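Structure first, then comments.
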Amino acid sequence: MKKIKTIFFLLLLVFFYPLYGIHSEIKKEEILKKNIEKHEDRNFNMYIDFISSIYSKVEKEVFDGGIFSEESLKLDLIGKANENIDYRFVKKINMYPESNRIDKKIMDIAYLKCKLNDQLSFLIGKQPISFGSMEYNSKYLQVYQYPDIYKNEDNPVGINFIYTPKKNQEFRFQIVNNLNKENNFFKKGRNPMGYSLNWNWNLFHKKIQNRWSYSIFQEKEPDHFWKVLALGSKLDLKPVSMESDYILSDEDIEKNGNLTKIFRSITKDYQDFASIKYGTYFLKVKYNFIPRWNLFAKGVYEIGRSKKEIKQIIVKDQLFKKGYTYYGGIEYQPIKHNEDLSLYFLYQRKYVKYMDKIKQENKNNHFISLGLSYRVKLL
């Protein structure tokens, strides 16, 4: 009888063990699949950012009506290759109404961030310049930004060393390639570089935030530089926050070329580039007066001085420009505790007064914009 029971038990074991093994393998595969899915979800994210608005402008006392504008579309890929290497790729698709063309840059941002230890890391690839100030590093909508200070049309390629000696303290030293387009005025064969030193620090659980930097960029013309001092601070006392900035842009060769074009239109023999210095002051206030509703106000004051004399036009250190820009608006975020979707109404006035010889360039423009901005997670 015992032998029969033993044989019966062995037969059951032989019959059911393979089924148990198959079931175990299926369980293992399911667990592995779930882990892979979690790992991929944690290490790779894809977003689309989109801004669209109805836009109206009054320029030189002429109202242009209202137009629907798709201001920007951006694809943003963020992920981790492993515990020590992060990556980011950003492509903006902007339509330029005045030229009816689409930006054809391959990538706007494409870099790897490598962590060496808890205090040292570095970025390498195509990246934004490490300017200080809250304006350059603002998370506000693009429509709130003051465009006159964004003088590099494209992000450079370089390396950025990041040192974090302790919590709420960060130092950055960045080396990048040339920012200028080719121009016959510049001597060929030079490969100028740019350098930025950046100090970011916070106090009282980020109630006080500071972003300070000094940058110097070589020009293709020998002994010519673009120097930028950018100082910014933020006081965050929720529901009210306030930001103040000072940006000094010292340009041996004017970056955006606006004044150079004006001077050349006055004097046809003038083939040089204007050498100027801009000082720009910012003050921004944001008030979350009820949940999901924000009031926004911003003021900008800018002065421009010539760094060298131009015969029959301007003398050295002459003040040639004063500019005042005011913003005011209201913002609504329909989803609680989520800033990915935002509806806004914005009014802007820009008043610019030039010296008498070029006063025909004076501006007194008004802008009104009603639009939406949203960020959609695709993966």
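List the number of the failed condition for residue 216; all other conditions in (1) modelled with pLDDT of 95 or more; (2) open to solvent by 40 Å² or more (accessible area, probe 1.4 Å); (3) out of contact with any Lys or Arg (no Cβ under 6 Å at 6 or more places or on another chain) hold.
The number of the failed condition is (3).
Could you tell me how many of the residues in segment 227-263 are assigned to a helix (DSSP H, G or I) and either open to solvent by less than 60 Å² (accessible area, probe 1.4 Å) or acidic (Asp, Glu) (or both)?
Summing the residues that are assigned to a helix (DSSP H, G or I) and either open to solvent by less than 60 Å² (accessible area, probe 1.4 Å) or acidic (Asp, Glu) (or both) in segment 227-263 gives 4.
For segment 313-329, what are the residues that are open to solvent by 40 Å² or more (accessible area, probe 1.4 Å) and within 22 Å of the chain's Cα centre (by Cα)?
326
Taking the stated definitions as given, is residue 373 within 27 Å of the chain's Cα centre (by Cα), among the polar types (S, T, N, Q) and surrounded by 14 or more Cβ atoms within 10 Å (Cβ to Cβ)?
yes
Within segment 80-107, take every residue that is under 15 Å from the mean Cα position of the chain (by Cα) and modelled with pLDDT of 90 or more and give me the one that is nearest to residue 69 (Cα to Cα).
91
Would you say residue 302 is open to solvent by less than 60 Å² (accessible area, probe 1.4 Å), among the acidic types (Asp, Glu) and out of contact with any helix residue (DSSP H, G or I) (no Cβ under 6 Å at 6 or more places or on another chain)?
yes
Inside segment 264-291, can you point out the residues that are in a loop (DSSP other than H, G, I, E, B) and either within 20 Å of residue 323 (Cβ to Cβ) or open to solvent by 90 Å² or more (accessible area, probe 1.4 Å) (or both)?
Answer for segment 264-291, where residues must be in a loop (DSSP other than H, G, I, E, B) and either within 20 Å of residue 323 (Cβ to Cβ) or open to solvent by 90 Å² or more (accessible area, probe 1.4 Å) (or both): 268, 269, 271, 274, 275, 291.
Would you be able to say whether some residue in segment 189-206 is basic (Lys, Arg) and either without any contact (Cβ under 8 Å) to a residue 24 or more places away in the chain or within 26 Å of residue 318 (Cβ to Cβ) (or both)?
Within segment 189-206, not a single residue is basic (Lys, Arg) and either without any contact (Cβ under 8 Å) to a residue 24 or more places away in the chain or within 26 Å of residue 318 (Cβ to Cβ) (or both).
Does residue 208 fit the bill of being aliphatic (A, V, I, L, M), at pLDDT 95 or above, farther than 27 Å from residue 105 by Cα and out of contact with any helix residue (DSSP H, G or I) (no Cβ under 9 Å at 6 or more places or on another chain)?
Against the criterion (aliphatic (A, V, I, L, M), at pLDDT 95 or above, farther than 27 Å from residue 105 by Cα and out of contact with any helix residue (DSSP H, G or I) (no Cβ under 9 Å at 6 or more places or on another chain)), residue 208 qualifies.
Answer with yes or no whether residue 161 is within 15 Å of residue 218 (Cα to Cα) and either modelled with pLDDT under 95 or not in a loop (DSSP other than H, G, I, E, B) (or both).
For residue 161, the condition - within 15 Å of residue 218 (Cα to Cα) and either modelled with pLDDT under 95 or not in a loop (DSSP other than H, G, I, E, B) (or both) - is not met.
Looking at 249, 275, which one is touching a Lys or Arg at 6+ places or on another chain (Cβ under 9 Å), among the hydroxyl-bearing types (Ser, Thr, Tyr) and in contact (Cβ under 8 Å) with a residue 60 or more places away in the chain?
Testing whether each residue is touching a Lys or Arg at 6+ places or on another chain (Cβ under 9 Å), among the hydroxyl-bearing types (Ser, Thr, Tyr) and in contact (Cβ under 8 Å) with a residue 60 or more places away in the chain leaves just 249.
The values are calculated or read from the model by the stated rules, or taken from the named source; none is laboratory data. Since this is a predicted model, take the numbers as computed values, not measurements. Because the Cβ atoms are built from the backbone with ideal geometry, glycine has one as well, and the counts that use them run over all protein chains shown. Quick note on the areas: whole protein, heavy atoms, side chains included, nothing else; ligands and nucleic acids left out. Shrake-Rupley method; radii C 1.70, N 1.55, O 1.52, S 1.80 Å.
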